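The values are calculated or read from the model by the stated rules, or taken from the named source; none is laboratory data. Because the structure is a prediction, the values reported are computed rather than measured. Reconstructed Cβ throughout: ideal geometry from the backbone, glycine too, with neighbour counts over all protein chains shown.
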Amino acid sequence: MIGTTAPLRTVTDPVLEIENLSVDYGFDDDPTHVLRQVSLTLGRGEVLGLAGESGCGKSTLAYAATRLLPPPGLITGGAVHFTGRDGLRRDILALSDDELRQTRWQDLAIVFQGAMNSLNPVYRVGRQLVDGILAHRPGMSKADAQGRAAELFEMVGIAPDRLRSYPHQLSGGMRQRVMIAMALALEPQVLIMDEPTTALDVVMQRQIVEQIAELRDRLGFSVIFITHDVSLLIEIADRIAIMYAGEIVEDAASLDVYRHPRHPYSDALLHSFPPLRGERRELTGIPGSPPDLSRLGGGCPYRDRCGFAWEPCGSVTPELVGPLVEGDDPRRSVACLRHDPERVVAAGFAPRPVPEELAR
């Protein structure tokens, strides 16, 4: 075991680097710490999946990284560095309002969870798309913007004549495709998708996921795909980060998470949905409920639901460590005391062997 405190993982060509990002909710003397020093690195052309239960901080991370976090959310620390096509590295959190407006949609775009809530119900979808293009490309003619809108609709699999439709005249899947078209209108380098398939049936989910994968391969943008469905991420993501209680608890290649989960929470998530192939196995689920973030103390936040919890978990707070064994992906990390004997010993406890289920 190598087991050293994990720094921000290096990427050959990073496009987005989230470093120790912290977010609080509330302006009083006792705020709720919703994100606690979250670090992620997104490579150019990479699909990074972000998974976890509702309320773990996934959407908060997306909104904070793009400075779209509404009150009473408050970014209390960290940095979000974006490396543009010009090779310059900028901190999004330090940009002026004018610089931020130029960065959004041109360099970094987001697809929100509820397409119907994101589209203006009283305007045709074509007008909304054209208005967005002209707002960022004031020198473009309206005819060229309309041509670009038609091109985008064809790109996401919608007939251009639906540009004259109102949002309520489109199905849920078509509305979500309109949002994807809007996000890609200015050819951004990073696309953040906040649970884009949650309200869709499984057939439409499959179509949307395949569409995103095809567009990524064609256009070369990077994706942060947020969802609570780990099985969906295994199909589309190059890498998966598992979130729990406002922290990253495991970060690894998608197949490593699927075949060899190292954190008990990752293992429990994978045993919460049935496999489509192979032998039948028992679905175990996850007992209990996520912790109240306003009352988190020391120790591991997952300990009350964990089948591998032991004495140090009540007082020692785990941190990301990795790589764990020789041959591991150097970017792989996990926040679990079972994999961090040095921290356990430093706290005055005797280490224990890693359970077989978490040592594969």
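Residue under question is Tyr244, and the condition is that it be in contact with a helix residue (DSSP H, G or I) (Cβ under 6 Å, 6 or more places away or on another chain), in contact (Cβ under 8 Å) with a residue 60 or more places away in the chain, hydroxyl-bearing (Ser, Thr, Tyr) and within 28 Å of Pro14 (Cα to Cα); does it hold? So Tyr244 passes the test. The number of residues in the stretch 220-235 being at pLDDT below 90 and aliphatic (A, V, I, L, M) comes to 4.
If the condition is being closer than 15 Å to Val15 by Cα and either small (Gly, Ala, Ser) or touching an Asp or Glu at 6+ places or on another chain (Cβ under 6 Å) (or both), then the stretch 45-61 contributes Gly45, Glu46, Val47. Scanning the stretch 1-31 for residues that are modelled with pLDDT of 90 or more and not small (Gly, Ala, Ser) gives Pro14, Val15, Leu16, Glu17, Ile18, Glu19, Asn20, Leu21, Val23, Asp24, Tyr25. Listed conditions (1) assigned to a loop (DSSP other than H, G, I, E, B); (2) of a type outside the set (Lys, Arg); (3) in contact with a Ser or Thr (Cβ under 7 Å, 6 or more places away or on another chain) are all met by Gly288, apart from (3). For the stretch 313-327, the set of residues classified as surrounded by 18 or more Cβ atoms within 10 Å (Cβ to Cβ) and in a loop (DSSP other than H, G, I, E, B) consists of Val316, Thr317, Pro318, Leu320, Gly322, Pro323, Leu324, listed by residue number. Looking at Thr60, Thr32, just one residue is crowded, with 20+ Cβ neighbours inside 10 Å and hydroxyl-bearing (Ser, Thr, Tyr), and that residue is Thr60.
Looking at the stretch 261-285, which of the residues that are in a loop (DSSP other than H, G, I, E, B) and at pLDDT 90 or above is nearest to Val47 (Cα to Cα)? Among those that are in a loop (DSSP other than H, G, I, E, B) and at pLDDT 90 or above, it is Pro261. The helices (runs of 4 or more DSSP H) located wholly in the stretch 105-211 that include 1 or more residues which are modelled with pLDDT of 95 or more occupy 125-136, 142-155. Going by the conditions given, is Gly307 assigned to a loop (DSSP other than H, G, I, E, B), touching a residue at least 40 places away in the same chain (Cβ under 8 Å), loosely packed, with under 15 Cβ neighbours inside 10 Å and among the small types (Gly, Ala, Ser)? So Gly307 passes the test.
Out of Glu187, Glu214, Glu195, Glu210, one residue alone is touching a residue at least 12 places away in the same chain (Cβ under 8 Å) and surrounded by fewer than 18 Cβ atoms within 10 Å (Cβ to Cβ). It is Glu187. Pick out the one residue from Arg85, Arg67, Arg101 that is surrounded by fewer than 14 Cβ atoms within 10 Å (Cβ to Cβ), of a type in the set (D, E, K, R) and in a loop (DSSP other than H, G, I, E, B). Step by step, each of Arg85, Arg67, Arg101 is checked, and only Arg85 is surrounded by fewer than 14 Cβ atoms within 10 Å (Cβ to Cβ), of a type in the set (D, E, K, R) and in a loop (DSSP other than H, G, I, E, B). The condition (being among the β-branched types (Val, Ile, Thr) and not in a helix (DSSP H, G or I)) is satisfied by just one residue among Ile234, Ile248: Ile248. Identify the residue in the stretch 249-285 that is out of contact with any helix residue (DSSP H, G or I) (no Cβ under 9 Å at 6 or more places or on another chain) and small (Gly, Ala, Ser) and, among all such residues, is nearest to Val325 (Cα to Cα). Ranking the qualifying residues of the stretch 249-285, first place goes to Ala253. Figure legend. Inter-residue proximity from the stretch 16-34: first residues within 28 Å of Gln189 (Cα to Cα), second residues among the aromatic types (Phe, Trp, Tyr) and in a strand (DSSP E or B), beta-carbon distance below 9 Å, spacing 6+ or different chains. Indicated pairs: Leu16/Phe82; Glu17/Phe82; Val34/Tyr25.
Can you find even one residue in the stretch 222-230 that is of a type in the set (S, T, N, Q), over 22 Å from Leu48 (Cβ atoms) and either surrounded by 16 or more Cβ atoms within 10 Å (Cβ to Cβ) or more than 14 Å from the chain's Cα centre (by Cα) (or both)? No, because not a single residue in the stretch 222-230 is of a type in the set (S, T, N, Q), over 22 Å from Leu48 (Cβ atoms) and either surrounded by 16 or more Cβ atoms within 10 Å (Cβ to Cβ) or more than 14 Å from the chain's Cα centre (by Cα) (or both). Across the stretch 160-178, which residue is surrounded by the most Cβ atoms within 10 Å (Cβ to Cβ) among those that are hydrophobic (A, V, I, L, M, F, W, C) and under 15 Å from Gln207 (Cβ atoms)? Here the answer is Val178. Screening the candidates Thr60, Thr76 for the property of being touching a residue at least 24 places away in the same chain (Cβ under 8 Å), more than 22 Å from Asp217 (Cβ to Cβ) and assigned to a helix (DSSP H, G or I) yields one hit, Thr60.
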